[in-house]
Amino acid sequence: MQTRLKRPLLAAVVTGALFATGAVLSSPASASTPVLSDEPTATATATDEPTATVEPTATDTPAGDPTTDPAADPTIDPTTTAPTVDPTLDPTATPTDTPTGAPPTTTPPADVTPPRGSFKLNYSSLWVGQRTTLTLAGIADDHSAASAITRVVTWGDGTTSRLTPTQVTIAKQYTKAGRFPITVTLTDEAGNAQAIKSAGVAVTVPGKVKLSTTSVWHHQRFNVTFSSVPAGTTKIVVNGGDGYVATLKGKNQTVSKAYYHRYKGALLPAGPVTLTATYTNKQGTTTPIVIGKVTIKRDSWNPHVTVTKPSHSERVKSWKTIHGTATDKGSGVHDVIVVPMKASGNKVYCYTSKKKWLRLYNDTDLGRCGVIVGVSKGKWSLTLKGLTKGAFTVIAVGEDWSDRASNVAQRTKTLTHA
């Protein structure tokens with residue numbers, strides 16, 4: 001135990017110990033015993049038993065410390081009581097003692113808890129191209145503010161999205177069919193991460209489509225059949241790949257299609273053409289879905305046209321109705337331009353689409369001549385009105401669906417009988 005004694009009391013105890021062990025100073029007989037304190041003591045010889053020093057009680061006056069004796073130090077007021085030493089400042093105290101009143105030092109616990117939260121989707125079943133919206137909820141952490149939590153969405157299709165610090169919603173469009181699980185990863189400022197997972201969305205292609213053929217000539221018609229159209233479909237928009245778009249009702253049905261010229265353009269070239277369709281319901285419209293591919297065959301043949309010579313060809317009535325043929329090895333002849341002409345003296349006339357004879361004065365008038373007639377099963381015909389005796393000529397030129405022109409067919413006859 002460490003002794004914590006006041007300095008005067010310590011001096012008295014040491015003095016008593018010296019007398020108790022016979023540690024007395026030797027001197028001549030006539031000399032007095034040295035005084036060790038400011039109190040007088042009895043004289044003793046070497047044979048005398050030393051006088052035991054009595055421990056002072058709380059009321060006793062302790063022996064003065066020579067180093068602080070007022071008689072020895074003129075700067076000390078003898079009337080002043082010796083100062084009391086603060087036990088807490090005792091030089092015998094060890095460095096491990098904690099000063100009274102000092103605040104304890106504490107280390108805050110480490111942040112090891114990940115953030116928490118949840119999310120939901122407005123649609124978990126989509127058609128290709130439609131969108132779902134993800135909404136975050138309950139984003140919180142025991143240390144980090146909600147705005148300091150990073151939010152990363154993994155969409156399941158190989159793409160990710162990082163939301164802004166305060167963003168809670170984000171929309172996603174899926175452009176292919178499949179099942180796509182979704183994960184939202186929340187990370188706080190300490191790096192603690194929480195992965196929230198869900199089954200995500202199921203993306204499908206609505207309905208089925210079948211083409212009656214996949215190889216056609218220009219203008220050859222084929223059928224497109226829609227089946228298994230989902231309930232709730234409001235419309236189906238078909239793009240034929242040639243610029244023409246058809247809007248259909250959202251139901252099972254069959255429609256026909258043919259390729260010729262582009263929308264407001266020239267002939268659609270031979271080769272593959274892709275058809276697409278978009279479906280619409282209350283969740284929105286799909287991206288264009290490929291419903292088939294059709295190859296337009298290349299037409300390398302020119303059509304062939306003839307003007308049939310009637311029996312009794314010199315008679316006017318034999319030409320009342322002109323007949324002819326139009327054949328083609330490729331796409332087929334769609335029509336024939338027939339130009340009947342007659343002459344009377346030095347006057348020349350041509351037959352027009354208004355079924356009237358037009359007198360020609362110059363080459364410009366030729367642009368108003370002729371009648372376009374259709375072709376059915378390789379044949380064509382044109383009925384004339386007002387034909388009279390005289391020189392008569394019929395010119396015919398055909399064109400197929402690949403915009404290839406035929407030969408120029410012509411018949412000339414002088415009509416002599418009505």
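The values are calculated or read from the model by the stated rules, or taken from the named source; none is laboratory data. As the structure is a computational prediction, the values presented were derived from the model and not from experiment. Quick reminder, even Gly has a Cβ in these numbers, built from the backbone with ideal geometry, and neighbours come from all protein chains shown. Heavy atoms of the whole protein, side chains included, go into the accessibility calculation; ligands, DNA and RNA do not. Shrake-Rupley method; radii C 1.70, N 1.55, O 1.52, S 1.80 Å.
Among the residues of region 343-379, which ones are acidic (Asp, Glu) and either open to solvent by 80 Å² or more (accessible area, probe 1.4 Å) or assigned to a strand (DSSP E or B) (or both)? Step through it out loud before you land on a result.
Step one: list which residues in region 343-379 are acidic (Asp, Glu), which gives 363, 365.
Residue satisfying the conditions is 363 alone.
Test residue 340 against the stated conditions and say whether it is open to solvent by less than 60 Å² (accessible area, probe 1.4 Å), in a strand (DSSP E or B) and of a type outside the set (Asp, Glu). Give the steps one after another, and end with the answer.
Working: open to solvent by less than 60 Å² (accessible area, probe 1.4 Å): yes; in a strand (DSSP E or B): yes; of a type outside the set (Asp, Glu): yes.
Criteria met by residue 340.
Within region 119-144, how many residues are among the hydroxyl-bearing types (Ser, Thr, Tyr), assigned to a strand (DSSP E or B) and surrounded by 13 or more Cβ atoms within 10 Å (Cβ to Cβ)?
Let us first name the residues in region 119-144 that are among the hydroxyl-bearing types (Ser, Thr, Tyr), namely 123-125, 132-133, 135, 144.
Next cut, assigned to a strand (DSSP E or B) only: 125, 132-133, 135.
Next cut, surrounded by 13 or more Cβ atoms within 10 Å (Cβ to Cβ) only: 132.
Here the count works out to 1.
Residue check: is residue 251 at pLDDT 95 or above and over 18 Å from residue 127 (Cα atoms)? So that I can check it myself, show each step before the final result.
Values: at pLDDT 95 or above: yes; over 18 Å from residue 127 (Cα atoms): no.
Spelling it out, it is not the case that residue 251 is at pLDDT 95 or above and over 18 Å from residue 127 (Cα atoms).
Does residue 318 count as hydroxyl-bearing (Ser, Thr, Tyr), free of Cβ contacts under 8 Å to residues at least 12 places away in the same chain and open to solvent by 10 Å² or more (accessible area, probe 1.4 Å)?
On the way: hydroxyl-bearing (Ser, Thr, Tyr): yes; free of Cβ contacts under 8 Å to residues at least 12 places away in the same chain: yes; open to solvent by 10 Å² or more (accessible area, probe 1.4 Å): yes.
Answer is yes for this residue.
Which of the residues that make up region 267-284 are open to solvent by less than 70 Å² (accessible area, probe 1.4 Å) and farther than 20 Å from residue 221 by Cβ? Outline the logic, then answer.
Of all residues in region 267-284, those open to solvent by less than 70 Å² (accessible area, probe 1.4 Å) come to 267-268, 270-271, 273-281, 283-284.
The answer is 278, 279, 280, 281, 283, 284.
What about residue 140, is it in contact with a His (Cβ under 7 Å, 6 or more places away or on another chain), of a type in the set (A, V, I, L, M) and more than 30 Å from residue 330 (Cα to Cα)? Write out each step before concluding.
Working: in contact with a His (Cβ under 7 Å, 6 or more places away or on another chain): no; of a type in the set (A, V, I, L, M): yes; more than 30 Å from residue 330 (Cα to Cα): yes.
For residue 140, the condition - in contact with a His (Cβ under 7 Å, 6 or more places away or on another chain), of a type in the set (A, V, I, L, M) and more than 30 Å from residue 330 (Cα to Cα) - is not met.
For residue 325, are the conditions met, namely being within 30 Å of residue 417 (Cβ to Cβ) and modelled with pLDDT of 95 or more? Spell out how you get there, then give the answer.
Numbers: within 30 Å of residue 417 (Cβ to Cβ): yes; modelled with pLDDT of 95 or more: yes.
The answer is yes for residue 325.
Would you kindly identify the strands (runs of 3 or more DSSP E) lying entirely within region 159-251 that contain at least 3 residues that are open to solvent by 60 Å² or more (accessible area, probe 1.4 Å) and of a type outside the set (A, V, I, L, M, F, W, C)?
Details: elements: 160-163, 169-173, 178-187, 193-204, 208-211, 222-227, 235-239, 245-249.
Result: 193-204.
What tally of residues in region 324-337 results from selecting those that are outside any loop (DSSP other than H, G, I, E, B) and closer than 22 Å to residue 219 by Cα? Write out each step before concluding.
So the first thing to find is which residues in region 324-337 are outside any loop (DSSP other than H, G, I, E, B), and the list is 324-327, 333-337.
From the residues that got through so far, the ones that are closer than 22 Å to residue 219 by Cα too are 325-327, 333-337.
Counting residues in region 324-337 that are outside any loop (DSSP other than H, G, I, E, B) and closer than 22 Å to residue 219 by Cα gives 8.
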